[in-house]
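> Structure provided below as C-alpha cells; questions to follow.
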Amino acid sequence: MAAYLCVCASTINLLQIAPLFFLGATLIFIGYDLLWEWLIDIRSKIFLSEYFILLTTFVAIQIIGMDFGILFGVVVALVEHVASTTQRESTLERVTKRSRSVYPTEDWNILQSYGYNIDDPKIVTLEVKGPVFFGSSQKLLQDITDEIGLSISEDEMKQIVFASPHPSTPHSSLRVRPLRSSKRSSQRLQRQIHPQYLVLDMTQMTNLDASAASSCFLQLAKMCEKRGIFLCAAGVIPRVEWMLRSHKVAYSFEEEIELKNSMFSNGLNSTKTVEGKLMLFLTIFEALEFSERLLIRRVSMSKFPGDSNPRLPLSTLTPVKEGTHHQLTYIFLNVLRGELDEEERVIIDKDVSGYYEEVNLQAGEFVFRKNTYPDAFFVVTRGSVAVPRNKKGAMPSMLLSGAGAIKQTKTLSSPDLLGAIAGDKSASVESFHKVGGIFGYCDFLLERYRTFEAVSSEDDTIVAIFTKSSMDKMKDENRPLYHIVQNLLLRASLMDLANCTCHN
C-alpha cells in the first residue's frame with residue numbers, strides 16, 4: 001500500500017524508466033488471458049447463438065475498429081433476439097375445465113351426458129400458451145383443427161384466406177397449402193365428430209401480431225361459423241384484446257354485449273347469430289358458464305319443443321332458482337347432489353340458518369383483504385364477488401399504435417365493468433364467484449393468512465359468512481350438520497382442483 005501511494009505521489013513518469021518489453025509482455029499476457037476466457041472457456045456456459053454473436057463481435061472489432069465493432073455486435077444481438085422470439089412456437093393443450101356455477105340436478109345431468117361426455121364432448125377447452133406470431137400461427141391453426149376434428153378442403157382454405165383482411169401478404173402463399181393430416185385428426189375425421197362449443201383459454205398467451213390475428217384466429221372463426229361451432233376466448237391481455245377487436249376478429253365491445261344478451265332468446269339457433277368472429281370473456285369460467293347455459297338451453301328445447309319459459313340474458317340469470325327452499329339450502333343440495341339422504345336434507349333445511357350470518361355488499365366493498373386473519377369462509381347467495389389479479393402481473397393501461405396512443409374505449413378490463421374495485425382504476429380480475437360460489441375456505445381450514453382478497457363486483461351482493469366460532473358451535477351442537485358442511489367444503493375444493501391444470 002505504501003509503495004502504491006509513493007507511485008501515485010511521485011512526479012516521475014514511470015514509463016520513461018520502466019523497460020518497454022516488460023510493459024508489452026504484461027499487456028500481451030493480459031490480452032491472451034482475456035481472449036482465452038471469453039472465446040474458449042465461455043463456450044460451455046452460453047448458448048450457440050450467443051457464442052455466434054460473441055465471435056461476430058470479435059471479428060468485427062478486428063476489421064472495423066473497436067467502436068463500430070461493438071455497435072455491429074449490438075445490432076447482431078438485436079436481430080438474433082427478434083428472430084428467436086418470432087420463431088418460438090406457441091403451444092396448445094386440451095384441458096378439462098368447468099365453470100364454477102351451481103346447477104340443478106337436471107341441468108347437471110345434461111352437462112354430464114352431453115357437455116363433458118368423454119367420447120363426444122360438446123364443450124371443449126383449449127389452452128393457448130406463449131406468443132403467437134406469423135411464424136407460429138399456421139401451426140397453431142393446424143393443431144386446433146386437428147384437436148377438434150375439422151375437415152378442411154383446399155378450396156375452402158383458399159376462400160377463407162382471400163376473405164381475410166390481408167390476402168396479399170407474403171404469408172398468403174403459406175396459408176393456402178393443403179393442411180397436413182395427423183393420425184389423431186384422421187381418427188376424428190373418420191367419425192366427423194366436433195364440439196358445439198370451443199373455448200380458448202388465452203390467459204398465458206403473451207403476445208399476438210396482426211398477421212397471426214387474421215391468418216389464424218379469423219380463419220378459425222370462419223371455419224367454426226360454417227360448422228355451427230360457437231367459438232369464444234377468455235383471459236386475453238389488453239394488447240391482445242385490442243388486436244383482435246381492431247382487426248375485426250372479435251366483435252366491438254358494444255356489439256358483444258348485445259349479442260351475448262340476444263343469444264339467450266334464440267334457443268336452438270343461438271349459435272347462428274355469430275358472424276364468423278370470436279366472442280371474448282374476461283375469465284375462463286365466464287366463458288364456460290356461457291357455453292354451458294347455451295348447451296343446457298339447446299338440449300332442453302330439443303327435448304321439450306313447447307317450452308315457453310322466458311329466455312333471459314346471462315346478466316340476469318342466476319344458477320340458483322327461486323323456490324320454496326332457502327337460497328343457501330338450495331346451494332348445499334345442488335353442490336352435494338346424490339350424496340344426501342332425505343334425513344340429511346331435512347337437517348340442512350331446518351338447522352343451517354342458525355350458524356351463519358348474511359351481509360349485503362355494494363360494488364367495490366371488500367369481503368376481506370389480503371394478509372388478514374382467516375376467521376371465516378363465505379358463500380355467495382346473490383350477486384357476484386371478484387378476486388382481483390395480483391398487481392405485480394398487471395398489464396400497462398396505455399397502448400400505443402402506429403397512429404399514437406390508443407383512445408380508451410370500453411374493454412373487458414375497463415374499471416367500470418369490474419365494479420370500480422375499491423376505487424382502483426388499475427385493478428383487473430382473476431376470477432369471479434357467482435351465486436353458489438364458495439371461497440376463502442382453504443385459508444380458513446389451513447389457518448394461514450389470506451393469500452388473496454375478495455371484493456363485491458355488483459350492487460346488493462349477499463354473502464353468507466360461516467365464522468370459526470359458528471363452526472365450533474355447530475360441531476358441538478349439531479354434529480350431523482357439521483359433517484355435511486365439511487363434506488361441502490371438500491367437494492368445493494375438489495371442484496377447484498379439477499379446474500387446475502398445474503398438475504398436468
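> Restricting attention to segment 1-44, and to residues there that are of a type in the set (Ser, Thr, Tyr) and either touching a helix residue (DSSP H, G or I) at 6+ places or on another chain (Cβ under 8 Å) or open to solvent by 100 Å² or more (accessible area, probe 1.4 Å) (or both), which single residue is nearest to Gln62 (Cα to Cα)?
Tyr32
Okay, residues lined up against (1) under 30 Å from Met495 (Cβ atoms); (2) at pLDDT below 85; (3) loosely packed, with under 15 Cβ neighbours inside 10 Å:
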| site | (1), (2), (3) |
| --- | --- |
| His81 | no, yes, yes |
| Ser84 | no, yes, yes |
| Glu93 | yes, no, no |
| Arg98 | yes, no, no |
| Gln112 | yes, no, yes |
| Ile118 | yes, no, yes |
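> Out of all the residues in segment 364-399, which are at pLDDT below 85 and over 26 Å from Leu489 (Cα atoms)?
Matches in segment 364-399: Lys391, Lys392, Gly393, Ala394, Met395, Pro396, Ser397, Met398, Leu399.
> Hey, among the residues in segment 255-282 that are β-branched (Val, Ile, Thr) and either in a helix (DSSP H, G or I) or open to solvent by 30 Å² or more (accessible area, probe 1.4 Å) (or both), which one's modelled with the highest pLDDT?
Ile257
> So for segment 45-53 (the condition being loosely packed, with under 10 Cβ neighbours inside 10 Å and in a helix (DSSP H, G or I)), does at least one residue qualify?
yes
The values are calculated or read from the model by the stated rules, or taken from the named source; none is laboratory data. The structure presented is a predicted model; accordingly, all values stated were derived computationally and were not measured. Glycine also receives a Cβ, built like all others from the backbone with ideal geometry; neighbour counts cover every protein chain displayed. SASA here: full protein model, heavy atoms, side chains in, ligands and nucleic acids out. Shrake-Rupley method; radii C 1.70, N 1.55, O 1.52, S 1.80 Å.
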